[in-house]
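The values are calculated or read from the model by the stated rules, or taken from the named source; none is laboratory data. Since this is a predicted model, take the numbers as computed values, not measurements. Cβ placement follows ideal geometry from the backbone for every residue including glycine, while neighbour counts extend to all protein chains displayed. In case anyone asks, the SASA skips ligands and DNA or RNA and just uses the protein heavy atoms, side chains included. Shrake-Rupley method; radii C 1.70, N 1.55, O 1.52, S 1.80 Å.
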Amino acid sequence: MDFKKFKAATVQTSPVFLDVEKTIAKAISFVKEASANGAQLIAFPEVFVAGYPYWNWIMTPVQGSKWYEQLYKNSVAVTDESIKPLFKAAKDNNIHIVIGINERGTSYGEIYNTNLIIDNHGNLIGKHRKLVPTWAEKLTWTSGDGSSLKVYDTEVGPIGTLACGENTNTLARFTLLSQGELIHIANYISLPVAPPDYDMSEAIKIRAAAHSFEGKLFTIVSCSTISQEIKDALRADVPNVDELLTRKNSAFSGFIGPNGAVIGEPLIDDEGIIYADIDLSKCIQPKQMHDILGHYNRFDIFDLRVNTAPTKNITFIDNHEEFNKK
């Protein structure tokens, strides 16, 4: 059995706000840098292409409506020409990419918070749509469904991903673990508008550590930052935007091992790219103690059922021919 060893990279930075092509170009620059430094996997933040709807938190829904329109116009479908350079960059640089996008739906009121999983041959092997938008995010995103709760076999190992707050969803996490997940990508956004006593960076670390410790796997965290460009864009509608969107300990990016401990030094608030060496054989010994997928569970007592059918908006039934037969 081949126990994979590889170098992984994770990015903590901001997108070029509501600009798909420039954000893709920025992502590709990080891809090239990571590959040049020997990384075979790189993680990017939640909805990195091309921005997070911060207006939901600092404006009324009516004020934010025009911003929703801008976000929809700068959302992408996986078949768009604008995103194909990212697939090519994965192939050209022999690197796997997990990246968040605002995925355009077929209705103008339909945007998904989606993570793309791209292999090192430039193939889009999967996408995960966030199951439940968190709190104010419900003003923007449509909920995903169980069809995207999958783990993908790759040359570096089995990869699964969840976006931001859904890393708190125990059943979603177990669904990925049960499919053999050993590399978990958890991507986030910086959230300065959280309650005063809420330490966002610590909360991110706790969630990542919980998943790694419970599942005995590696978690890679990528979190965005809020650039001055984003604040300046929103300033006309919210004059005190700097005050509202500036806060320490709002972003955490890093690596968590199968023992639940942070590997190396994480990035907290600062922008950049960091690396870690991943050895999947390190998942074996911790599982001897607590394997919740095997000997340390009671499946005769617990029965989790997951609906993996894609959501259907409508079902058309033509009974005309059947009626005539009668």
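Condition test on ILE101, is it surrounded by 22 or more Cβ atoms within 10 Å (Cβ to Cβ), within 22 Å of ILE278 (Cα to Cα) and among the aliphatic types (A, V, I, L, M)?
Values: surrounded by 22 or more Cβ atoms within 10 Å (Cβ to Cβ): yes; within 22 Å of ILE278 (Cα to Cα): no; among the aliphatic types (A, V, I, L, M): yes.
Taking the combined requirement at face value, the residue does not satisfy it.
Checking ALA77, ALA50 one by one, the residue that is within 15 Å of TRP141 (Cα to Cα) and buried (at least 19 other Cβ atoms within 10 Å of the Cβ) is ALA50 and no other.
For the subset of the range 1-21 comprising residues that are of a type in the set (Phe, Trp, Tyr) and at pLDDT 95 or above, which member is surrounded by the fewest Cβ atoms within 10 Å (Cβ to Cβ)? Reasoning before the result, please.
Going through the range 1-21, the residues of a type in the set (Phe, Trp, Tyr) turn out to be 3, 6, 17.
Next, from what is left, pick out any that are at pLDDT 95 or above: 6, 17.
Values: PHE6: 18, PHE17: 21.
By that ranking, first place goes to PHE6.
Let's see how each residue does on (1) closer than 20 Å to ILE204 by Cα; (2) surrounded by fewer than 20 Cβ atoms within 10 Å (Cβ to Cβ):
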{"position": "TRP135", "(1), (2)": "yes, yes"}
{"position": "GLY160", "(1), (2)": "yes, no"}
{"position": "THR170", "(1), (2)": "yes, yes"}
{"position": "GLY180", "(1), (2)": "no, yes"}
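A search for C-beta distances below 8 Å between a residue of the range 25-43 that is within 16 Å of GLY122 (Cβ to Cβ) and open to solvent by 50 Å² or more (accessible area, probe 1.4 Å) and any residue that is outside any strand (DSSP E or B) and among the small types (Gly, Ala, Ser), counting only pairs 6+ apart in sequence or on different chains, returns LYS32/ALA89.
Yes/no matrix, rows are residues, columns are (1) touching a His at 6+ places or on another chain (Cβ under 8 Å); (2) at pLDDT below 95; (3) farther than 14 Å from ALA8 by Cα; (4) exposed (fewer than 14 other Cβ atoms within 10 Å of the Cβ):
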position	(1), (2), (3), (4)
LEU245	no, no, yes, no
GLY254	no, no, no, no
ILE263	no, no, no, no
ILE268	no, no, yes, no
GLU271	no, no, yes, no
LEU280	no, no, no, no
CYS283	no, no, yes, no
TYR296	yes, no, yes, yes
PHE302	no, no, yes, yes
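Screening the range 1-120 for strands (runs of 3 or more DSSP E) wholly inside it with 2 or more residues that are within 18 Å of GLY254 (Cα to Cα) and in contact with a helix residue (DSSP H, G or I) (Cβ under 9 Å, 6 or more places away or on another chain) returns the ranges 5-12, 39-43, 96-104.
Kindly provide the set of residues from the range 84-94 that are within 18 Å of the chain's Cα centre (by Cα) and surrounded by fewer than 22 Cβ atoms within 10 Å (Cβ to Cβ), ordered by number. Show your work before the answer.
To start, the set of residues in the range 84-94 that are within 18 Å of the chain's Cα centre (by Cα) comprises 86-87, 90.
PHE87 - this is the single residue of the range 84-94 that is within 18 Å of the chain's Cα centre (by Cα) and surrounded by fewer than 22 Cβ atoms within 10 Å (Cβ to Cβ).
With respect to the conditions (1) open to solvent by 10 Å² or more (accessible area, probe 1.4 Å); (2) modelled with pLDDT of 95 or more; (3) over 16 Å from the mean Cα position of the chain (by Cα), GLY144 lacks only one, and its number is (3).
Picking from ILE263, ILE292, which residue would you name as being touching a Phe, Trp or Tyr at 6+ places or on another chain (Cβ under 8 Å), in a strand (DSSP E or B) and not aromatic (Phe, Trp, Tyr)? Full working, then the answer.
Working: ILE292 fails: in a strand (DSSP E or B).
Of ILE263, ILE292, the one residue that is touching a Phe, Trp or Tyr at 6+ places or on another chain (Cβ under 8 Å), in a strand (DSSP E or B) and not aromatic (Phe, Trp, Tyr) is ILE263.
Within the range 304-326, the set of residues being among the basic types (Lys, Arg) and either modelled with pLDDT under 95 or surrounded by 10 or more Cβ atoms within 10 Å (Cβ to Cβ) (or both) comprises LYS312, LYS325, LYS326.
Could you name every one of the strands (runs of 3 or more DSSP E) located completely within the range 122-241 that has at least 3 residues being farther than 29 Å from PHE302 by Cα and touching a residue at least 40 places away in the same chain (Cβ under 8 Å)? Please lay out each step first, then the result.
Details: elements: 124-129, 152-154, 157-163, 183-188, 218-223.
Here the list reads 218-223.
Residue by residue through the range 224-236, note down the ones that are among the basic types (Lys, Arg) and surrounded by fewer than 18 Cβ atoms within 10 Å (Cβ to Cβ). Selection gives ARG235 alone.
Just name the residue that is surrounded by the most Cβ atoms within 10 Å (Cβ to Cβ) out of those in the range 58-72 that are over 14 Å from VAL47 (Cβ atoms) and in contact (Cβ under 8 Å) with a residue 24 or more places away in the chain. Steps first, answer last, please.
Here is the first cut: in the range 58-72, the residues over 14 Å from VAL47 (Cβ atoms) are 58-66, 69.
Within this subset, residues satisfying the condition of being in contact (Cβ under 8 Å) with a residue 24 or more places away in the chain are 58-59, 61, 63-64.
On the way: ILE58: 19, MET59: 20, PRO61: 11, GLN63: 12, GLY64: 22.
Filtering first and then ranking leaves GLY64.
Of the set (1) open to solvent by 50 Å² or more (accessible area, probe 1.4 Å); (2) in contact with a helix residue (DSSP H, G or I) (Cβ under 9 Å, 6 or more places away or on another chain); (3) of a type outside the set (Phe, Trp, Tyr), all apply to PRO239 but (2).
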